[in-house]
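K.L.:
Take a look at the following structure, please.
The values are calculated or read from the model by the stated rules, or taken from the named source; none is laboratory data. What you see is a predicted model, and the numbers here were worked out from it, not measured in a lab. Cβ atoms come from the backbone with ideal geometry, glycine included; neighbour counts cover every protein chain shown.
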């Protein structure tokens with residue numbers, strides 16, 4: 001609460017004490033004089049505890065809505081449990097967003113949560129458009145005051161506000177609108193493919209002017225995160241869209257969008273190995289984040305594709321060579337285990353240990369590699385390390401040269417290794433073809449940007465990786481998921497443990513003919529449990 005607002009509230013309270021036939025004055029004076037009766041009358045109200053009552057929920061939300069409707073941001077912010085953050089956003093609502101005539105209609109409360117609809121008008125330079133949307137708030141008990149307060153989240157003001165410092169702005173758009181088209185010339189829209197929303201925004205921000213459009217006036221979410229594109233919410237003055245070609249496949253994208261809806265917090269990417277073109281990218285996340293391109297997570301046993309290549313390239317073993325699978329393996333005082341139910345096999349080959357996803361077989365060879373061997377293999381063979389230029393912001397993977405137990409952990413996709421579905425789809429494409437082709441979502445010819453390069457893999461290494469991935473897809477841990485897929489197929493399952501979570505993340509990557517795909521489902525369990533069906537669905541659709 002601002003100092004001025006606080007003083008005003010105190011003043012109102014004092015006037016109230018002086019009113020009421022002098023009752024407040026009498027008790028205040030008696031209390032100062034030590035009168036017991038007066039002291040009892042002036043005793044401070046006991047601070048409440050426990051969940052807010054239905055009556056408190058109704059009153060707190062009603063007061064908040066009233067202050068919001070009257071464009072009193074300081075008063076509305078004071079009714080939340082984070083006035084320092086609520087104040088600026090509620091102020092921007094009427095100022096930089098130019099929203100007026102706010103009318104809020106609450107719905108039926110569910111416990112402490114109150115749904116509501118907002119109807120208002122957005123105006124700019126004599127032009128106006130109606131605004132309508134739904135949101136919700138939750139009432140909580142103030143920690144220090146015991147009062148019933150609105151639990152502050154930016155999404156209370158508008159559901160498109162995700163970051164704590166995001167704000168609303170109505171102004172001339174930073175970039176002209178685009179009409180994105182897929183590889184066959186079909187128009188790609190957010191309405192048809194909701195997962196593409198952040199990607200289309202990023203493409204517009206980078207290529208809007210290059211595509212030849214004319215900017216209009218819009219109300220947008222301006223994200224606090226540096227480099228993030230605005231999220232358009234309402235068009236006040238129409239701009240003129242420029243046509244922007246993409247590498248997306250409508251068929252693959254539709255399959256990806258449908259597939260991720262089966263599991264919360266899931267992401268999938270498909271690429272064309274022969275060209276590096278991104279065919280599909282989809283996310284199903286509560287935060288709307290493009291985790292498929294920007295995520296940073298341990299990839300689990302899908303990383304064994306890179307590890308196996310390192311073994312082969314450095315003469316440690318071969319696909320048909322030894323890779324014993326003991327029940328446990330210790331490296332630098334850290335003991336590694338296999339997934340529950342995996343029978344040990346001291347006579348296993350690398351191909352068998354790969355197909356069965358035996359962790360200990362890979363950890364046992366940590367002594368045969370240098371600290372930076374896996375880093376170099378990832379960089380030179382698979383293009384993980386150089387900065388990529390896909391056309392939109394991406395996290396391009398990280399395989400640091402880490403010592404200690406992390407050296408062994410990295411071989412099974414744990415430790416400090418960080419990937420996402422985009423990077424793992426690319427790893428799979430490289431394993432299939434032997435050539436690293438940096439993924440792109442808009443043609444390089446559009447702007448002549450420089451793409452990342454890597455040496456790629458030797459033909460003998462590629463042949464062995466394909467053989468092991470095919471074995472995994474036909475008789476190994478991925479067989480059930482990949483059943484029924486014809487053509488050239490290969491796969492690798494993975495599960496990655498994360499701190500504080502009882503259930504591992506589910507990873508799966510695979511290829512079929514000229515399509516490679518990878519998926520991640522947070523807290524999804526084994527790779528074949530959740531991520532596998534997503535990849536299979538996309539591979540089945542083709543590119």
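K.L.:
Please enumerate the residues belonging to region 205-223 that are over 28 Å from the mean Cα position of the chain (by Cα), surrounded by 19 or more Cβ atoms within 10 Å (Cβ to Cβ) and either modelled with pLDDT of 95 or more or in a strand (DSSP E or B) (or both).
P.N.:
217
K.L.:
I've got another one for you. If we scan region 319-340, do we find a residue that is closer than 16 Å to residue 408 by Cα and surrounded by 24 or more Cβ atoms within 10 Å (Cβ to Cβ)?
P.N.:
Within region 319-340, one or more residues are closer than 16 Å to residue 408 by Cα and surrounded by 24 or more Cβ atoms within 10 Å (Cβ to Cβ).
K.L.:
Taking the conditions exactly as written (in contact (Cβ under 8 Å) with a residue 60 or more places away in the chain and assigned to a loop (DSSP other than H, G, I, E, B)), does residue 262 satisfy them or not? Steps first, please.
P.N.:
Working: in contact (Cβ under 8 Å) with a residue 60 or more places away in the chain: yes; assigned to a loop (DSSP other than H, G, I, E, B): yes.
Yes.
K.L.:
Of all the residues that make up region 265-278, how many are assigned to a strand (DSSP E or B) and over 20 Å from residue 525 (Cβ atoms)? So that I can check it myself, show each step before the final result.
P.N.:
Initially, region 265-278 is screened for residues assigned to a strand (DSSP E or B), giving 266-271, 277-278.
Narrowing the set further to residues that are over 20 Å from residue 525 (Cβ atoms) leaves 269-271, 277-278.
Here the count works out to 5.
K.L.:
Test residue 258 against the criterion of being surrounded by fewer than 18 Cβ atoms within 10 Å (Cβ to Cβ) and assigned by TED's automatic domain parsing to the domain that holds residue 391, and give yes or no.
P.N.:
Numbers: surrounded by fewer than 18 Cβ atoms within 10 Å (Cβ to Cβ): yes; assigned by TED's automatic domain parsing to the domain that holds residue 391: yes.
Yes, satisfied.
K.L.:
I've got another one for you. Return the total of residues in region 516-541 being in contact with a helix residue (DSSP H, G or I) (Cβ under 6 Å, 6 or more places away or on another chain) and not in a loop (DSSP other than H, G, I, E, B).
P.N.:
Here the count works out to 12.
K.L.:
Here's another thing I want to ask about it. For region 354-424, list the helices (runs of 4 or more DSSP H) that sit wholly inside it and hold at least 1 residues that are within 30 Å of the chain's Cα centre (by Cα), surrounded by fewer than 21 Cβ atoms within 10 Å (Cβ to Cβ) and not assigned by TED's automatic domain parsing to the domain that holds residue 206; which are they?
P.N.:
Values: elements: 359-363, 373-376, 405-411.
By residue number, 373-376, 405-411.
K.L.:
Among the candidates 145, 117, single out the residue that is in contact with a strand residue (DSSP E or B) (Cβ under 8 Å, 6 or more places away or on another chain) and surrounded by fewer than 22 Cβ atoms within 10 Å (Cβ to Cβ). First the steps, then the outcome.
P.N.:
Details: 145 fails: in contact with a strand residue (DSSP E or B) (Cβ under 8 Å, 6 or more places away or on another chain).
Result of the check over 145, 117: 117.
K.L.:
Among the numbered criteria (1) under 24 Å from residue 443 (Cβ atoms); (2) modelled with pLDDT of 95 or more; (3) touching a helix residue (DSSP H, G or I) at 6+ places or on another chain (Cβ under 8 Å), which one does residue 259 miss?
P.N.:
So residue 259 meets the others, but not (1).
K.L.:
Select from region 76-91 the residues that are in a helix (DSSP H, G or I), touching a residue at least 24 places away in the same chain (Cβ under 8 Å) and either outside the structural domain of residue 149 (by TED's automatic domain parsing) or surrounded by fewer than 19 Cβ atoms within 10 Å (Cβ to Cβ) (or both) and list them in ascending order. So that I can check it myself, show each step before the final result.
P.N.:
Here is the first cut: in region 76-91, the residues in a helix (DSSP H, G or I) are 76-77, 83-91.
Subsequent filtering for residues that are touching a residue at least 24 places away in the same chain (Cβ under 8 Å) retains 77, 83, 85-90.
Hits for region 76-91 are 85, 88.
K.L.:
Among the listed residues 295, 288, which satisfies the condition of being more than 20 Å from residue 507 (Cβ to Cβ) and either at pLDDT below 95 or within 20 Å of the chain's Cα centre (by Cα) (or both)?
P.N.:
The unique qualifying residue is 288.
K.L.:
Take residue 190 and tell me if it is under 30 Å from residue 275 (Cβ atoms) and either in the same structural domain as residue 259 (by TED's automatic domain parsing) or not in a helix (DSSP H, G or I) (or both). Step through it out loud before you land on a result.
P.N.:
Details: under 30 Å from residue 275 (Cβ atoms): yes; either in the same structural domain as residue 259 (by TED's automatic domain parsing) or not in a helix (DSSP H, G or I) (or both): yes.
Spelling it out, residue 190 is indeed under 30 Å from residue 275 (Cβ atoms) and either in the same structural domain as residue 259 (by TED's automatic domain parsing) or not in a helix (DSSP H, G or I) (or both).
K.L.:
Those residues that are without any contact (Cβ under 8 Å) to a residue 60 or more places away in the chain and under 33 Å from the mean Cα position of the chain (by Cα), I need them from region 336-353; list them, please.
P.N.:
337, 338, 340, 341, 342, 353
K.L.:
Moving on. Have a look at 308, 319 and point out the one that is part of a loop (DSSP other than H, G, I, E, B) and in contact with a helix residue (DSSP H, G or I) (Cβ under 9 Å, 6 or more places away or on another chain). Spell out the reasoning first.
P.N.:
Details: 308 fails: part of a loop (DSSP other than H, G, I, E, B).
Answer to the selection: 319.
K.L.:
Restricting region 482-502 to residues that are in contact with a strand residue (DSSP E or B) (Cβ under 9 Å, 6 or more places away or on another chain), in a loop (DSSP other than H, G, I, E, B) and at pLDDT 85 or above, which is surrounded by the fewest Cβ atoms within 10 Å (Cβ to Cβ)? Give the derivation first.
P.N.:
Our first condition is that a residue be in contact with a strand residue (DSSP E or B) (Cβ under 9 Å, 6 or more places away or on another chain); within region 482-502, this holds for 482, 485-498.
Going one step further and asking which of them are in a loop (DSSP other than H, G, I, E, B), we end up with 485-488, 497-498.
Filter again for at pLDDT 85 or above, leaving 485-488.
Values: 485: 18, 486: 8, 487: 11, 488: 14.
Among those that are in contact with a strand residue (DSSP E or B) (Cβ under 9 Å, 6 or more places away or on another chain), in a loop (DSSP other than H, G, I, E, B) and at pLDDT 85 or above, it is 486.
K.L.:
Shifting gears a bit: Look through 449, 466, 437 and report the one residue that is modelled with pLDDT of 95 or more, surrounded by fewer than 24 Cβ atoms within 10 Å (Cβ to Cβ), out of contact with any helix residue (DSSP H, G or I) (no Cβ under 6 Å at 6 or more places or on another chain) and under 16 Å from residue 271 (Cα atoms).
P.N.:
Values: 449 fails: under 16 Å from residue 271 (Cα atoms); 466 fails: under 16 Å from residue 271 (Cα atoms).
Result: 437 is the single residue among 449, 466, 437 that is modelled with pLDDT of 95 or more, surrounded by fewer than 24 Cβ atoms within 10 Å (Cβ to Cβ), out of contact with any helix residue (DSSP H, G or I) (no Cβ under 6 Å at 6 or more places or on another chain) and under 16 Å from residue 271 (Cα atoms).
K.L.:
Taking region 58-75 only, how many residues are over 16 Å from residue 92 (Cα atoms) and surrounded by fewer than 16 Cβ atoms within 10 Å (Cβ to Cβ)?
P.N.:
The number of residues fulfilling the criteria is 3.
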